[in-house]
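What follows is a set of notes on a single structure, which appears directly below.
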Amino acid sequence: MKMSKTDFVILGHIQLLCTSIKNYFNISYEEARKMLYNSKLYNALENEETKMWYYSNYDLFKMFLEEKETGKYTVYGG
C-alpha cells in the first residue's frame, strides 16, 4: 500500500498526540494510543476530507482534552 504525503502528516500527528497524551496523563504509550484511537477526534483526523491534519499538535491536543472533558471538541479557525 502506497502512502500519500498526507498519510505521513497524519501519522506524525498521531505519534505526537500519543506522546502528549502519555505525558499529560502519566500513562503508557499503549494506553495513550488506545485513548486516542477511541476518540471522535481520531476519527476526524484519520479522514483526509476533514483537513484536521492542518492543525498543530498543540491545537489537536487541546481538542482532545476538550473531548475527554465534555464528550465533544471545538474546531477553531486554526
Would you mind calculating the gained length between N26 and T74 on full extension (0.36 nm times residue separation, minus the Cα-Cα distance), in nm to one decimal? 14.8 nm
Going by how many other beta carbons lie within 10 Å of each one, how would you line up Y37, Y76, fewest first? Y76, Y37
Would you calculate the separation in nanometres between label points at V9 and Y54, each defined as 7 Å from the Cα along the Cα-to-beta-carbon direction? 0.9 nm
Which GluC sites (Glu not before Pro) does segment 1-74 hold that lie in a coil by DSSP with at most 13 other beta carbons within 10 Å? none
Take the cross-link list K2/K40; K2/K51; K2/K22; K2/K62; K5/K72 and give me the ones stretching past 24 Å between alpha-carbons. K2/K40; K2/K22; K2/K62; K5/K72
Please report L17, L36 as a ranked list, fewest other C-beta atoms within 10 angstrom at the top and most at the bottom. L36, L17
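At 222 nm, what helix-only mean residue ellipticity would the chain give, in deg cm²/dmol to the nearest 500, using -39500 (n - 2.57) for each DSSP H run of four or more?
On the way: 4 runs with 51 residues, N = 78.
Only helices count here, giving -20500 deg cm²/dmol.
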Assuming a ≥ b ≥ c are the square roots of the Cα gyration tensor eigenvalues, decide whether the chain counts as rounded (a/c under 1.5), prolate (otherwise, with a/b larger than b/c) or oblate. oblate
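Just to confirm a number: summing +1 for Lys and Arg and -1 for Asp and Glu over residues other than L36 whose beta-carbon lies under 12 angstrom from that of L36, what do you get?
Values: positive: K22, R33, K34, K40, K68; negative: E30, E31, E46, E67.
With Lys, Arg at +1 and Asp, Glu at -1, the neighbours total +1.
Each value in this text was obtained by applying a stated rule to the coordinates, not by laboratory testing. On a predicted model such as this, the values are computed, not experimentally measured, just so you know. Glycine also receives a Cβ, built like all others from the backbone with ideal geometry; neighbour counts cover every protein chain displayed.
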